[in-house]
1. Among the residues that make up segment B:50-64, is at least one of them of a type in the set (Val, Ile, Thr) and outside any strand (DSSP E or B)?
2. Could you grab the pairs with beta carbons closer than 7 Å, sequence gap of 6+ or different chains, first residue in segment A:32-46 and in contact (Cβ under 8 Å) with a residue 40 or more places away in the chain and more than 7 Å from chain B (Cβ to nearest Cβ), second one surrounded by 15 or more Cβ atoms within 10 Å (Cβ to Cβ) and not acidic (Asp, Glu)?
3. Among all residue pairs at least 6 apart or on different chains, which show Cβ distances below 8 Å where the first residue, located in segment B:208-226, is without any contact (Cβ under 8 Å) to a residue 12 or more places away in the chain and the second is part of a loop (DSSP other than H, G, I, E, B) and surrounded by 11 or more Cβ atoms within 10 Å (Cβ to Cβ)?
4. Within segment B:332-352, does at least one residue satisfy the condition of being open to solvent by 20 Å² or more (accessible area, probe 1.4 Å), aliphatic (A, V, I, L, M) and farther than 20 Å from B:Gly237 by Cβ?
5. What strands (runs of 3 or more DSSP E) lie completely within segment B:211-297 and have 2 or more residues being in contact with a Gly (Cβ under 7 Å, 6 or more places away or on another chain), assigned by the TED database to the domain that holds B:Ala156 and under 22 Å from B:Phe367 (Cβ atoms)?
6. What about B:Arg397, is it free of Cβ contacts under 8 Å to residues at least 60 places away in the same chain and either in contact with a helix residue (DSSP H, G or I) (Cβ under 6 Å, 6 or more places away or on another chain) or over 25 Å from B:Leu98 (Cα atoms) (or both)?
7. For the subset of segment B:235-246 comprising residues that are within 12 Å of chain A (Cβ to nearest Cβ) and without any contact (Cβ under 8 Å) to a residue 60 or more places away in the chain, which member is surrounded by the fewest Cβ atoms within 10 Å (Cβ to Cβ)?
8. Considering only residues that are more than 11 Å from B:Tyr299 (Cβ to Cβ), within 9 Å of chain B (Cβ to nearest Cβ) and part of a helix (DSSP H, G or I), which ones fall in segment A:9-26?
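The values are calculated or read from the model by the stated rules, or taken from the named source; none is laboratory data. Everything numeric here is computed off the predicted structure, so don't read it as measured data. Positions of Cβ are generated from backbone atoms using ideal geometry, with glycine treated the same way; all protein chains shown enter the neighbour counts. Calculation scope for accessible area: heavy atoms of the full protein, side chains included, ligands and nucleic acids excluded. Shrake-Rupley method; radii C 1.70, N 1.55, O 1.52, S 1.80 Å.
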Amino acid sequence: MRVTCPNCGERDRREFYVKGAALVRPGADAPVEAWHEHVHMRDNPAGDVHELWYHEMGCGAWLNVCRNVVSHEVVSAVLAAGSDLGGAR
Amino acid sequence: MRFSGWRVLKEGLTGNKGWTGHWRDPEPKREYDVVIIGGGGHGLATAYYLAKEHGITNIAVLEKGYLGGGNVGRNTTIVRANYYLPGNSEFYSHSMHLWEGLEQDLNYNAMMSQRGLMMIYHNDGQRDAMVRRGNAIINQGDDAELLDIEGVRQRAPFLNFDDNRFPVMGALLHRRGGTARHDAVAWGFARGADMRGVDLIQNCEVTGIDVENGKVRGVQTSRGVIRAKKVALAAAGRSGQVAAMAGLRLPIESHVLQAFVTEGLKPIINHVIAFAESHMYISQSDKGGLVFGSYLDFYNSYAARGNLPMVEHTMESIMAMVPALGKARLLRSWGGIMDMTPDGSPIIDHSGIEGLYLNCGWCYGGFKATPGSGNAYAHLIATDRPHGAATKFKLDRFRSGYGLMDEEGTGAQHNLH
């Protein structure tokens, strides 16, 4: 797998650390149930998924990578900072 | 058809014409007491123990492909009871005892080989962890012995003892650990279940689960509607999608775990050897191939094949720890789809929908669990109470945070197991 980092261009998978599903983070005052869903429960689809990838051996940016988990094709990669994952629900 | 030495002799002298198929190929009935989704090791074992120990024989096992074509045919065949946290400890001990009587029980040659398993440690910290683990294994009633470097050298003189970064200091020896022929385990359970009247239905994909008023009614399949009083999931890496048919979300991500086998070689490795250095483990099949693997690829995947970085890591580990194997040629590699839970331990529990049961989250430990899982799951399905050896495999442990079983001590979150 090769990922096209918006800052660095196309790079090998080994430059990245994969954090897992890119989910909208519950707000600080969200109920416990929302945190349980966020931390543990997963849709786990066989298709395109959004994940957080950290460009550990490159620019150090967190990326929101869309990837097909059946074919391993990387569909897109954008900066996580601009993809509205943080904040209240 | 019973297997025996006498039968083998007789068939050998009469052209082997008397052998018949090991199980029927029935048409699905319209209704069953229990429908099991998934005809792999765990699903077949569950059907077998339901029939044998609980007298429930009106069962269908629905398999979308062929029996044993999933993870039970895609693993590294290792059998062991060397877990140490309460919950896992008593369960894998129970499973080990079932393994030891399995071939007699099934009248089937599963090539069970208790050749001993050595977990190599490379530093003082790992040695202390092995001592702790060994004590836990002994306390659960199983066997563990701490070997020093001479103990390892005696048993595996071909290891690289002087690696600068990861010298071999010793090992924890688990004598009753070993390997079993993975396909034969599936076939033996299939035959045993079939002989007791269970319908094994292949090429039958479940496409929906019918739930009315919080109670399960049956399943939709590619071969028609099948009604059932109870429906039991045993779909391993596909658990998330099957559960979604009943409107459930699970604490599971599916990851790929690769394994490798070399060409057939003369006997060199007598044990199963696992290295704390890299999670790499290796054994030699009875056919001579060296079977080995190491980590997950560590990203979600349903591809049943991995990528090259983990191939490289595994080969580097082999070269570092067993350089004598450097010229062995790799025959093939494959990937299994692992149903990973946040704490790395499994779930055998009610689903929250009446009559629908969960058996999933086996992570990388599914094969050794096969008889124990089937046995405990059958108990839950038949009696609605957990089996005594599987009381801690609760679905709600993630919500409550109580009873997590994180063997690696890395924390109960998805990307760490």
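1. So in segment B:50-64, the residues of a type in the set (Val, Ile, Thr) come out as B:56-57, B:59, B:61.
Filter once more, so that each one left must be outside any strand (DSSP E or B): B:56-57.
Among the residues of segment B:50-64, at least one is of a type in the set (Val, Ile, Thr) and outside any strand (DSSP E or B), which makes the answer yes.
2. That search, which allows pairs on different chains as well, returns A:Ala34/A:Pro26.
3. none
4. no
5. Correct list: B:253-264.
6. yes
7. It comes out as B:Ala244.
8. Selection gives A:Arg14 alone.
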